Amino acid sequence: MRLEEILAQALKRVGNDRYILSVAVGQRADDLSKGAKPLLENNETKNMKYTDIAIKEIASGLLLIDGFEEN
């Protein structure tokens, strides 16, 4: 899946609010950099940056943001 499609899905999950998405991605990327386990399959995250992992987790519905229901 292309990055643009993943970002569109992630934005949809936070009510198209880019600010909320950027804060959520930043917080999750920080957690990942401090040793949190990715919610994605290990083979998917092998060569990904922390921010890319966070965006994909949100887009796929594995990481839910407070105040936003799962679509």
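Odds and ends about this structure:
- Selection count, segment 41-67, where residues are in contact with a helix residue (DSSP H, G or I) (Cβ under 6 Å, 6 or more places away or on another chain) and farther than 13 Å from ILE6 by Cα: 4
- Matching residues in segment 23-36 - criterion: being over 16 Å from SER60 (Cα atoms) and not hydrophobic (A, V, I, L, M, F, W, C): GLY26, GLN27, ASP30, ASP31, SER33, LYS34, GLY35
- Residue check for LYS56: surrounded by fewer than 15 Cβ atoms within 10 Å (Cβ to Cβ) and out of contact with any Phe, Trp or Tyr (no Cβ under 8 Å at 6 or more places or on another chain): no
- Residue count for segment 16-29, restricted to those that are surrounded by 13 or more Cβ atoms within 10 Å (Cβ to Cβ) and either over 11 Å from the mean Cα position of the chain (by Cα) or β-branched (Val, Ile, Thr) (or both): 4
- Close Cβ contacts (under 7 Å, 6 or more residues apart or on different chains) running from residues in segment 4-20 that are more than 15 Å from GLU57 (Cα to Cα) to residues that are at pLDDT below 95 and surrounded by fewer than 17 Cβ atoms within 10 Å (Cβ to Cβ) comprise GLY15/PHE68.
- Number of residues in segment 39-53 that are open to solvent by 20 Å² or more (accessible area, probe 1.4 Å), assigned to a helix (DSSP H, G or I) and closer than 11 Å to ALA29 by Cβ equals 3.
The values are calculated or read from the model by the stated rules, or taken from the named source; none is laboratory data. Given the structure is predicted, the values throughout are model-derived calculations rather than measurements. Every residue, glycine as well, gets a Cβ built from its backbone with ideal geometry; the counts of neighbours run over all protein chains shown. Just the protein is used for accessible areas: all its heavy atoms, side chains included, with ligands, DNA and RNA removed. Shrake-Rupley method; radii C 1.70, N 1.55, O 1.52, S 1.80 Å.
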